[in-house]
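Single-structure report; data block below.
The values are calculated or read from the model by the stated rules, or taken from the named source; none is laboratory data. Because the structure is predicted, anything quoted here is derived from the model rather than measured. We place every Cβ from the backbone using ideal geometry, glycine too, and count neighbours over all the protein chains shown.
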Amino acid sequence: MNENSRPFKPFEPLVERIKKDGICLDGGILKVDSFINHQIDPTFLQSMSIEFVRRFANKEINKILTIEASGIAPAILVGFLLNVPVVFAKKKKPSTMGNMLTTEVFSFTKNKAYTVCCSKDFLHKGDKVLFVDDFLANGNAAKGIIDLVEQAGAELAGMGFIIEKSFQHGGEKLREMGLQVESLAIIDSLDNCEIKFKEAEV
Ligand code: G4P
C-alpha cells in the first residue's frame, strides 16, 4: 500500500448495468456498446464521472487526457465537472500538426503497433493530468499515455477507467508503478462467457 492505493470498491450501479446490458464475447471481450462505446447513455456516464471526481478529489488536476475514440465521451464529462480542458491523444498524425509528442502503442486485440500523438501546445510542463478511458486491458494504451506525459514534463495525477479486466494485468502493472488507478468495475474473468466481478475489498 502507498498513498495512491486504497481498497477497491466497485461502483455498484455500473456492476448492475453490466449485468443487465453487457454481452460477453469469445476471447475475453465484454461488449458494452449499448451504453458506453457506441450508443452512449449520457446520464449514466455523468453518474460515473461524478464517481471519478469523488475518487480523485485528493488530487490537483488541471487537464483531462484520454485517447480516441471511446475515451472521449467519459473524459469530456469529467472535464466538464472539474471545469478543465480535455485533450484526446490521436491515433493518426494529423497533417496540420507539427509540434507534437509521439509514442508507439502495441494493441493486443489488433496485434499491431500504432502511433499515438499529442500536440505540445496542449500537454506541457506543469500540467497535472488525469487520464480517463473506457477500458483497461493490457495497459498498453495507458503506458503510451504515461510516455507522452513524461515527454511533456507534465505530472500524472492518476488514471481512471470505467472497466478494468484484471485477467489482462494492465492494472497490476500501473499500480506497481505507484500510480493512483481507479476502476469503477473490475472483471476478474470472462471464462465460459460468465462475467465474474471483483468484489469490494474491506
Ligand atoms: P490495452 O490498451 O489495455 O493494452 O488494450 P488492448 O490493446 O488489448 O485493447 C485495444 C482496444 O480494445 C482498446 O480500444 C480497448 O479499449 C479495447 N478493449 C479491450 N478490451 C475490451 C473489451 O473487453 N471490450 C471492449 N468493448 N473493448 C475492449 P481501441 O482500439 O483503442 O478502440 P477505441 O477506443 O477507438 O474504441
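Residue 57 fails exactly one of the following numbered conditions: (1) within 16 Å of the ligand (Cβ to nearest atom); (2) without any contact (Cβ under 8 Å) to a residue 40 or more places away in the chain; (3) among the small types (Gly, Ala, Ser). What is the number of that condition?
(1)
Does residue 84 meet the test of being over 15 Å from residue 183 (Cα atoms) and more than 16 Å from the ligand (Cβ to nearest atom)?
Values: over 15 Å from residue 183 (Cα atoms): yes; more than 16 Å from the ligand (Cβ to nearest atom): yes.
Considered against the rule, which asks whether it is over 15 Å from residue 183 (Cα atoms) and more than 16 Å from the ligand (Cβ to nearest atom), residue 84 comes out as yes.
Touching a Leu at 6+ places or on another chain (Cβ under 6 Å), surrounded by 18 or more Cβ atoms within 10 Å (Cβ to Cβ), under 23 Å from residue 200 (Cα atoms) and modelled with pLDDT of 95 or more - does that describe any residue in segment 16-24? If you could, list the steps in order and put the result at the bottom.
Filtering segment 16-24 down to residues touching a Leu at 6+ places or on another chain (Cβ under 6 Å) leaves 22, 24.
Still in the running and surrounded by 18 or more Cβ atoms within 10 Å (Cβ to Cβ): 22.
Keeping just the survivors that are under 23 Å from residue 200 (Cα atoms) gives 22.
Adding the requirement that they be modelled with pLDDT of 95 or more leaves 22.
The answer is yes; a qualifying residue exists.
Considering 20, 59, 9, which residue is over 15 Å from the mean Cα position of the chain (by Cα), part of a helix (DSSP H, G or I) and not aromatic (Phe, Trp, Tyr)? Write out each step before concluding.
Values: 59 fails: part of a helix (DSSP H, G or I); 9 fails: part of a helix (DSSP H, G or I).
Result of the check over 20, 59, 9: 20.
Scan segment 93-118 for residues that are within 11 Å of the ligand (Cβ to nearest atom), in contact with a strand residue (DSSP E or B) (Cβ under 6 Å, 6 or more places away or on another chain) and either part of a loop (DSSP other than H, G, I, E, B) or within 15 Å of residue 150 (Cβ to Cβ) (or both) and jot them down.
Matches in segment 93-118: 105, 116.
Looking at (1) within 16 Å of the ligand (Cβ to nearest atom); (2) under 22 Å from residue 153 (Cβ atoms); (3) touching a residue at least 40 places away in the same chain (Cβ under 8 Å), which one does residue 90 not meet, given that it meets all the others?
Failing condition for residue 90: (3).
Looking at the structure I just gave you, is residue 145 aliphatic (A, V, I, L, M), part of a helix (DSSP H, G or I), within 15 Å of the ligand (Cβ to nearest atom) and free of Cβ contacts under 8 Å to residues at least 24 places away in the same chain? Break it down stepwise before answering.
Numbers: aliphatic (A, V, I, L, M): yes; part of a helix (DSSP H, G or I): yes; within 15 Å of the ligand (Cβ to nearest atom): yes; free of Cβ contacts under 8 Å to residues at least 24 places away in the same chain: no.
The answer is no for residue 145.
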